[in-house]
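Asker: One structure follows; several queries about it will come next.
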Amino acid sequence: MDIEYKLKQLGGVASWVHLDVVDGELATPVSWPYTEDDMDEAIRGLAELNTEIKLGVHLMVKDPQEYLDQWIDTPVKRILVQYESPEHLQNALAVLDMSKVESGVVLALDTPVDVIAQLPEKIKFVQLMSISKIGHYGETFQEEVYKKIKEVKRLNSKITISVDGGVKEEHLKELAKAGADQVVMGSAIFEVSDPAAELKRLQHAVSS
């Protein structure tokens, strides 16, 4: 399983790993494991993983309530739902609120941050997309996200903010300065020969 291999690559360095799930409707293209045939296998695979790394899932899907119970039953510690999901968003948030899993909401780049006021008070985690097209890889980082981070902090200084999409080393300090607590990085880490060493180097670059 590719996820297991990547987790082993980051062993002892990463505390969290972020998994994208794309249904091909809200966002394209379809991404693991959003097909009925693959879902059971994916869930079994996650349940059998032997890792100390915490797993988070970002559901970029039309209906986040579909398969939600199955995701909750996996070892994932955090489930993020896309605010722009047109079906059953509030129902999905209510289900997550009653579960053992930390929940959060993801805002597309063009979604104003004041929608946070419409979310349940228990939502303490917001992820801001920093690319124009969710679900697409290799997209360019959009600097307007810096302003959005500051706006979220003004609305709720206690909320945890993550940023996802096109993030590279040159963005890290400015993101931290704006108020971001976490970032999601994929190709910047896994497209080098030693992902663990690269992650450790990037962590040091932010803290220094």
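Please treat every number below as a calculation from the coordinates, not as lab data. As the structure is a prediction and not an experimental result, all values here were calculated from the model. Cβ atoms come from the backbone with ideal geometry, glycine included; neighbour counts cover every protein chain shown.
Asker: Would you please give the FRET efficiency between Ser99 and Gln142, computed as 1/(1 + (r/R0)^6) with r the Cβ-Cβ distance and R0 = 41 Å, to the nearest 0.05?
Answerer: Efficiency for this residue pair is about 0.80.
Asker: Under a Cβ-Cβ cut-off of 15 Å, what is the net charge of the residues other than Gly138 that fall near it, where Lys and Arg count +1 and Asp and Glu count -1?
Answerer: Summing Lys/Arg as +1 and Asp/Glu as -1 gives -2.
Asker: Over the chain, what is the relative contact order in percent, taking alpha-carbon pairs closer than 8 angstrom and at least six residues apart?
Answerer: That works out to 16 percent.
Asker: Would you tally the net charge around Trp16, using a Cβ to Cβ cut-off of less than 10 Å, leaving Trp16 out, and scoring K and R as +1, D and E as -1?
Answerer: Its environment carries a net charge of +3.
Asker: Among the chymotrypsin sites (Phe, Trp or Tyr not before Pro) in segment 112-153, which ones are in a DSSP loop with at most 14 other Cβ atoms within 10 Å of the Cβ? Mind listing them?
Answerer: Sparse-neighbourhood loop chymotrypsin sites (Phe, Trp or Tyr not before Pro): Tyr137.
Asker: Follow-up. Report the paramagnetic label zone for Asp194: residues of segment 6-21 whose backbone N is under 20 Å from a point 7 Å from Cα along the Cα-to-Cβ axis.
Answerer: Answer for this model: 6-15.
Asker: Out of residues 5 or more away from Thr160 or on other chains, whose amide H comes under 5 Å of its own, with H placed 1.01 Å from N in the peptide plane?
Answerer: Amide H neighbours of Thr160, under 5 Å, 5+ apart: Phe125, Val126.
Asker: Related question: Report the local net charge at Arg201: Lys and Arg +1, Asp and Glu -1, summed over other residues whose C-beta lies under 15 Å from its C-beta.
Answerer: -2
Asker: Find the eigenvalues of the gyration tensor of the Cα atoms of segment 53-102, then list the square roots of 5 times those eigenvalues as equivalent ellipsoid semi-axes, largest first, in whole angstrom.
Answerer: 17, 11, 9
Asker: Past 26 Å, Cα to Cα: identify those pairs from Lys6/Lys150; Lys77/Lys147; Lys148/Lys173; Lys77/Lys124, in the order given.
Answerer: As for pairs spanning more than 26 Å Cα to Cα, those are Lys6/Lys150; Lys77/Lys147.
Asker: Could you work out the relative contact order of segment 159-204, using alpha carbon pairs under 8 angstrom and six or more residues apart, expressed as a whole percent?
Answerer: 39 percent
Asker: Per residue Cα convex hull volume for the chain, in cubic angstrom?
Answerer: In the chain, the Cα hull volume divided by residue count equals 118 Å³.
Asker: Starting from the Cα-Cα distance between Arg154 and Ser132, subtract it from 0.36 nm times their residue separation and give me the gain in nm to one decimal.
Answerer: 5.6 nm
Asker: So, one more: Can you sort Leu7, Leu155 from fewest to most other Cβ atoms within 10 Å of each residue's own Cβ?
Answerer: Leu155, Leu7
Asker: Give a quick list of GluC sites (Glu not before Pro) in segment 1-79 that DSSP marks as loop, anything other than H, G, I, E or B, with at most 14 other Cβ atoms within 10 Å.
Answerer: Glu52
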